[in-house]
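The values are calculated or read from the model by the stated rules, or taken from the named source; none is laboratory data. In this text the structure is predicted, and so the values were computed from the model without any measurement. Using ideal geometry, Cβ is built from the backbone for each residue, glycine included, and neighbour counts are taken over all protein chains shown. Just so you know, the surface numbers come from the protein's heavy atoms only, side chains and all, with ligands and any DNA or RNA stripped out. Shrake-Rupley method; radii C 1.70, N 1.55, O 1.52, S 1.80 Å.
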Amino acid sequence: MKLAMIGFGQAGGKVVDKFLEYDRKNDSNIVRAAVAVNTAKADLLGLENIPQDQRVLIGQSRVKGHGVGADNELGAEIAEEDVDEVQGAIDSIPVHEVDAFLVVAGLGGGTGSGGAPVLAKHLKRIYTEPVYGLGILPGSDEGGIYTLNAARSFQTFVREVDNLLVFDNDAWRKTGESVQGGYDQINREIVTRFGVLFGAGEVEAGQEVAESVVDSSEIINTLAGGGVSTVGYASEEVEPKGKSGGLLSRLTGSGDDGDDGLDSAHTTNRITSLVRKAALGRLTLPCEIEGSERALLVLAGPPEHLNRKGIERGRKWIEEQTGSMEVRGGDYPISNSRQVAAVILLSGVTNVPRIKELQQVAIEAQDNLAEIREESDAKLEGLVNDDEDELESLF
């Protein structure tokens, strides 16, 4: 799938930057064009892979390149005012070569949280290609203002995109991890999962062709109903073709009989096991998979370790678990890979406790902020005005 990626804000820019690195390393050619947009000059300077002329600084007249300080209302206003500057960078993208736009943003801050929904609305008005969002939720320990920002941004973003893919930091942060190390690891997790998903079906001359092709139309149709999506992932190391003598080759009978020797039952069982791990393990947005409207299964890895029977079994199992009749599936052969990976895209999920919790905490934070402001005004009034001997102000 060929994507035009726009990273809005600090988190969005870093994720898109990481996608470009992944693209080069794996030769997957997912990112047809990349743009980073920010109100903070320092964040744009910190990027490594996005071209300089595709980094757009907005809001200079209002915040002088210093960011919006987690004020996502200001972020939205600036995005509205300077959307033409962002469009200038997007104009250089060969849209006829792009299958979809992906707007990436952290939902807890100010610039991306406020600006990403504005940009998505703008893109949908101008282009016929689908516009997807990738929204990153803050951890629950990051504070009330970030939770409030995320809840408001999520509510707006999901209405302005054709589908909102969500990654929840709360489910992925490890205890005792440094902030920088934690975010680097999270960005790698995001890029790995979405990289395999969007990379499926892109076959160049001389590459292996899938038995059951998953291409961009399968992904677009899975995301077509709108709403919220989550992605599951599981992988397992395998012995590369031609190597023999290890435990795996003894289990599968490879290495001695002059052919690949991979036991069909073994590869089928591995695939069905990976599918279950991907669906029931850690999703990018934890949720109950039952009731998902649509799903897509992609199995990636060396072609000799993939088989149609295993993929078919995995697809049927997902149908049973989700209750959906719209479950697509296929394989993505990668000859030089040392692992088999299962990626499951669940679209139209509704049973998401984390979102309900986020909204509840945000409502409480909103009420608390209003109370604190009222109390603060009253206390200031008491401090500067003396009832017994009132002073006259200068003007």
Could you sort 356-364, 185-193, 127-135 so that the peptide with the highest average Cβ count within 10 Å comes first and the rest follow in order? 127-135, 185-193, 356-364
Scattering curve values for the chain, log₁₀ I(q)/I(0), Debye with Cα scatterers, q = 0.09 Å⁻¹: -0.57
In debye to the nearest 20, how big a dipole does the range 11-115 give about its Cα centre with +1 on each Lys and Arg Cβ and -1 on each Asp and Glu Cβ? 400 debye
Residue among Ile355, Leu223, Ala265 farthest towards the positive dipole end of the chain, charges placed on Cβ: Ala265
Name the long-range amide H neighbours of Gln339: under 5 Å, sequence gap of 5 or more, or other chain; modelled H, no Pro or chain starts. Val238
Output the 0 to 90 degree angle, nearest 10, between the alpha-carbon long axis of helix 179-199 and the longest principal axis computed from the alpha carbons of the chain. 50 degrees
Of Lys2/Lys124; Lys124/Lys356; Lys25/Lys309; Lys277/Lys316, those spanning more than 20 Å from alpha-carbon to alpha-carbon: Lys124/Lys356; Lys25/Lys309
Amide H within-cut-off set for His66, under 5 Å, with H built and near neighbours excluded: Lys41
Simple spin-label model, 7 Å along Cα-to-Cβ: Lys356 to Ser273 in nm? 3.5 nm
What does the range 12-113 give for Rg and for Dmax, in Å, if only its C-alpha atoms count? 13.7, 41
Tell me, what % of the accessible area of the range 287-368 is carbon and sulfur with a 1.4 angstrom probe? 44 percent
So for each of 337-344, 106-113 I average, over its residues, the number of other beta carbons within 10 Å; can you give me the resulting order with the highest mean first? 106-113, 337-344
Nearest-ten-degree value, helix 144-160 long axis tilted from longest Cα axis of the chain: 60 degrees
Specify which residue in the list Ser61, Thr284, Val161 is farthest towards the positive end of the charge dipole of the chain, using unit charges on the beta carbon of Lys, Arg (+1) and Asp, Glu (-1), about the Cα centre. Thr284
Those GluC sites (Glu not before Pro) from the range 30-78 that are DSSP loop and have at most 10 other Cβ neighbours within 10 Å turn out to be Glu48
With a 1.4 Å probe and all protein chains left in place, how much of the accessible area of the range 78-137 comes from carbon and sulfur atoms, in whole percent? 46 percent
With a Förster radius of 41 Å, plug the Cβ-Cβ distance of Gln87 and Leu280 into 1/(1 + (r/R0)^6) and report the FRET value to the nearest 0.05. 0.45
Of the accessible area of the range 1-64, with the probe set at 1.4 angstrom, what percent is carbon plus sulfur? 45 percent
Estimated distance in nm for a label pair at Asp141 and Glu237, the labels positioned 7 Å out from Cα along Cα-to-Cβ: 3.0 nm
Summed over the other residues with a beta carbon less than 11 angstrom from that of Ala224, with K and R at +1 and D and E at -1, the charge totals -3
Could you give the size of the charge dipole of the chain about its Cα centre, using +1 on the Cβ of each K and R and -1 on the Cβ of each D and E, expressed in debye and rounded to the nearest 20? 1920 debye
Surface per residue (accessible, 1.4 Å probe) for the chain, Å²: 48 Å²
As a test of the formula, what do you get for the chain when each DSSP H run with n ≥ 4 contributes -39,500 (n - 2.57) and the sum is divided by the residue count, at 222 nm and rounded to the nearest 500 deg cm²/dmol? -14500 deg cm²/dmol
Which three extents, in whole angstrom, do the alpha-carbon atoms of the range 1-51 cover along their principal axes, largest first? 31, 17, 16
Calculated FRET efficiency, Ile363 and Lys41, Cβ-Cβ r, R0 41 Å, to nearest 0.05? 0.75
Distance in nm between Leu394 and Arg338 label points, each 7 Å along Cα→Cβ, equals 7.2 nm
Give the percent of DSSP beta bridges with both residues in the chain that are antiparallel, rounded to the nearest 5. 30 percent
